[in-house]
1. If I filter the range 199-208 for residues that are part of a helix (DSSP H, G or I) and under 24 Å from VAL140 (Cα atoms), do I get at least one hit?
2. Which number in (1) surrounded by fewer than 17 Cβ atoms within 10 Å (Cβ to Cβ); (2) of a type in the set (A, V, I, L, M); (3) closer than 30 Å to ALA167 by Cβ marks the one condition that ALA235 misses?
3. With respect to GLY41, is the statement that it is in contact (Cβ under 8 Å) with a residue 40 or more places away in the chain, under 25 Å from GLY138 (Cβ atoms), buried (at least 16 other Cβ atoms within 10 Å of the Cβ) and in contact with a helix residue (DSSP H, G or I) (Cβ under 6 Å, 6 or more places away or on another chain) true?
4. In the range 78-125, which residues are touching an Asp or Glu at 6+ places or on another chain (Cβ under 8 Å), under 21 Å from PHE20 (Cβ atoms) and either surrounded by fewer than 16 Cβ atoms within 10 Å (Cβ to Cβ) or β-branched (Val, Ile, Thr) (or both)?
5. Is one or more of the residues making up the range 230-243 in contact with a helix residue (DSSP H, G or I) (Cβ under 8 Å, 6 or more places away or on another chain), part of a loop (DSSP other than H, G, I, E, B) and under 23 Å from PHE79 (Cβ atoms)?
6. For the range 160-201, give me each residue that is in contact (Cβ under 8 Å) with a residue 40 or more places away in the chain and touching a helix residue (DSSP H, G or I) at 6+ places or on another chain (Cβ under 6 Å).
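The values are calculated or read from the model by the stated rules, or taken from the named source; none is laboratory data. Being a predicted model, the structure only gives us computed values, none of them experimental. Cβ placement follows ideal geometry from the backbone for every residue including glycine, while neighbour counts extend to all protein chains displayed.
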Amino acid sequence: MEERTSAIFSRVDPQFGAYFETMRTEGLLDLESRTHKAPGGYSLAYSVRRVPFIFLNAVGAQDDVVALLHEGGHAFHAFESAALPYLQQRQEQMLPMEFAEVASMGMELLATPYLTREQGGFYTEAEAPRARIELLDGIVRFWPYMAMIDALQHWMYEHEEGADLAACDDYWATLVDRYWPDHDWSGLDAQKRASWHRQGHVFTDPFYYIEYGIAELGAAQVWANALSDQAGAVAAYRRALALGGTASLPELFAAARASPSTPRRCAAPST
């Protein structure tokens, strides 16, 4: 998995491949699943050494490929901004979260042309389009769900006195009907009403979720640029990552040739 992912990153940009090889040789990857290992995946930066670390539980599924590409984007953000002089400029926690996820979500999409075994990746020519479609389908389906979670949180805090669990379930059911009209919940009314309970952000991070939707919009614009000019889109992406926390959110999006509010029309791919 490391070798194939390294090949993909090198295809996106040779420097990304070099960054990933540094992580391999310096023991900055913990990817394999094993007994008693904590769940989830993340990337964090070691502030003194100015290098990132990636934690994952890979079992050989398509989701693992996407997850490693995603966390690789976060890791490259740390590498690109490592030269900034002050800790606060380099820490991801100090960046606008709407852009921090552009680094990771953007890498998922920038890597899509290089998933085939011919390019050093994982899939045959027949399998690769299915992987791309699955990724894009997930993005399109995510945006309405993000809107539902954001709407629910606003409703909760606007109706704080009466927002008990049953009332929240009732309101969520109206959002499901509005945003997921094609879902058939016959015989599953309780599951429909409670399906928001799985979203931990609602319980631990009030009003935090729309950031992912804004970031995905930026990532989609980076990808749209790459459809007609992959090298130019990657260069702009790298320039934006190198700014770290030294620029505002609009400035970071502009550096990546994107906008947090105005999506661009996707150009038709050349192949």
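1. Yes, the conditions are met somewhere in the range 199-208.
2. (3)
3. Criteria not met by GLY41.
4. Passing the criteria: THR116, GLU118.
5. yes
6. Selection gives TRP196, GLN199.
Residue-wise test of (1) assigned by TED's automatic domain parsing to the domain that holds LEU110; (2) under 30 Å from VAL12 (Cα atoms); (3) among the hydroxyl-bearing types (Ser, Thr, Tyr).
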| site | (1), (2), (3) |
| --- | --- |
| PHE142 | no, yes, no |
| LEU152 | no, no, no |
| TYR157 | no, no, yes |
| ASP164 | no, no, no |
| ALA173 | no, no, no |
| SER186 | no, no, yes |
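A quick yes/no check of all residues on (1) farther than 21 Å from GLU216 by Cβ; (2) of a type in the set (D, E, K, R):
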position	(1), (2)
GLN62	no, no
GLU80	no, yes
GLN88	yes, no
ALA103	no, no
PRO113	no, no
